[in-house]
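Student: A single structure is presented below for examination.
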Amino acid sequence: MQAGKPILYSYFRSSCSWRVRIALALKGIDYETVPINLIKDGGQQFSKDFQALNPMKQVPTLKIDGITIHQSLAIIEYLEEMRPTPRLLPQDPKKRASVRMISDLIAGGIQPLQNLSVLKQVGEEMQLTWAQNAITCGFNALEQILQSTAGIYCVGDEVTMADLCLVPQVANAESSINKRLLVLEAFQVSHPCRQPDTPTELRA
């Protein structure tokens, strides 16, 4: 691996990793990918080596500028502070609060309830119902919020961190904002079907 190049520990299907890949692509940051397969070998995230890197045993993890950062929103906010172009958090404090509110709603209120680790605790018989209820409840709230914040994208007419959270979460859902975002190059190159660890049969 190239010295000094950022390293992203990622899984092609991870929505949290996808958020970070979009941010890296939008900001034009070249990086290396180290695939961490969350299913293979009982879950590569549970290996001693990866646990030493990320005690939560989760992706994404980003090594950059001599530090290691876990948690997708923390990573995106760091990238925003250190490499502020293009801006992913609006200058206006009210719009910035809306971006963070939507991002937290998705990252904390919808996505974790569908994680493999959570679904295993729920039990196989209840997994589908549990996941559907979590998605429905979360997206009903999100739709109400977007009625007052959305322009072309989630908050106004510029791509923000909220959009980076939205697209991976509604990858299989119909949404006019989602459709507009998916035509942008950064959202395409970061897509799960175009990652180094994407199985050949799933590539596009």
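Student: Can you list residues whose amide H is under 5 Å from Ser10's amide H, if they're 5+ apart or on another chain and H is modeled 1.01 Å from N?
Tutor: Close amide H contacts, sequence-distant or interchain: Val34, Ile36.
Student: Karplus couplings for the stretch 139-146 from phi (6.51 cos²θ - 1.76 cosθ + 1.60, θ = phi - 60°), rounded to Hz, Gly and Pro as x?
Tutor: With the stated coefficients, the stretch 139-146 comes to 6, 4, 5, 4, 4, 5, 5, 5 Hz.
Student: At most 14 other Cβ atoms within 10 Å and a DSSP loop assignment: could you name the trypsin sites (Lys or Arg not before Pro) in the stretch 116-204 that fit?
Tutor: Arg203
Student: Check Ala150: other-chain or 5+ apart residues with amide H under 5 Å from its amide H, H built from backbone geometry?
Tutor: Gly156
Student: Give me a comma-separated list of calculated 3J(HN,Hα) values for the stretch 25-36, in order, Karplus coefficients 6.51, -1.76, 1.60 applied at θ = phi - 60°, integers in Hz, x for any Gly or Pro.
Tutor: Computed from phi, the couplings for the stretch 25-36 are 5, 4, 8, x, 8, 7, 8, 9, 9, 10, x, 10 Hz.
Student: Okay, moving on. Mind running the shape call on the stretch 154-204? Use the C-alpha gyration tensor, a ≥ b ≥ c as the square roots of the eigenvalues: rounded below 1.5 for a/c, prolate if a/b tops b/c, oblate otherwise.
Tutor: Note, shape of the stretch 154-204 comes out prolate.
Student: May I ask you to evaluate 6.51 cos²θ - 1.76 cosθ + 1.60, the Karplus curve with θ = phi - 60°, for each residue of the stretch 66-79 and list the ³J(HN,Hα) values in order in whole Hz, giving x for glycine and proline?
Tutor: Residue by residue, the stretch 66-79 yields x, 10, 10, 10, 10, 6, 4, 5, 5, 5, 4, 5, 5, 4 Hz.
Student: Dipole of the stretch 7-86, Cα-centred, from +1 at each Lys and Arg C-beta and -1 at each Asp and Glu C-beta, to the nearest 20 debye?
Tutor: The dipole of the stretch 7-86 has a size of about 260 debye.
Student: Right, here's the next one. Could you check the simple spin-label distance between Thr136 and Ala97, using points 7 Å along Cα→Cβ, in nm with one decimal?
Tutor: 3.2
Student: Next question, about the same structure. Report which label in (i) 22; (ii) 42; (iii) 32 holds the value of percent of Cα pairs over 29 Å apart derived from the coordinates of this structure.
Tutor: Only one listed value fits the structure, namely (i).
Student: Write down the radius of gyration of the stretch 7-86 and its Dmax, each obtained from C-alpha positions, in Å.
Tutor: In order Rg, Dmax, the Cα atoms of the stretch 7-86 give 12.3, 39 Å.
Student: Grab the Cα-Cα distance for Lys5 and Glu158, subtract it from 0.36 nm times how many residues apart they are, and report the gain in nm with one decimal.
Tutor: Gain on stretching Lys5 to Glu158: 52.3 nm.
Every number in this text was worked out from the coordinates using simple rules, so none of it is lab data. Note that this is a predicted model, so its numbers are computed, not measured. So basically every Cβ, Gly included, is an ideal-geometry build from the backbone, and we count neighbours across all protein chains shown.
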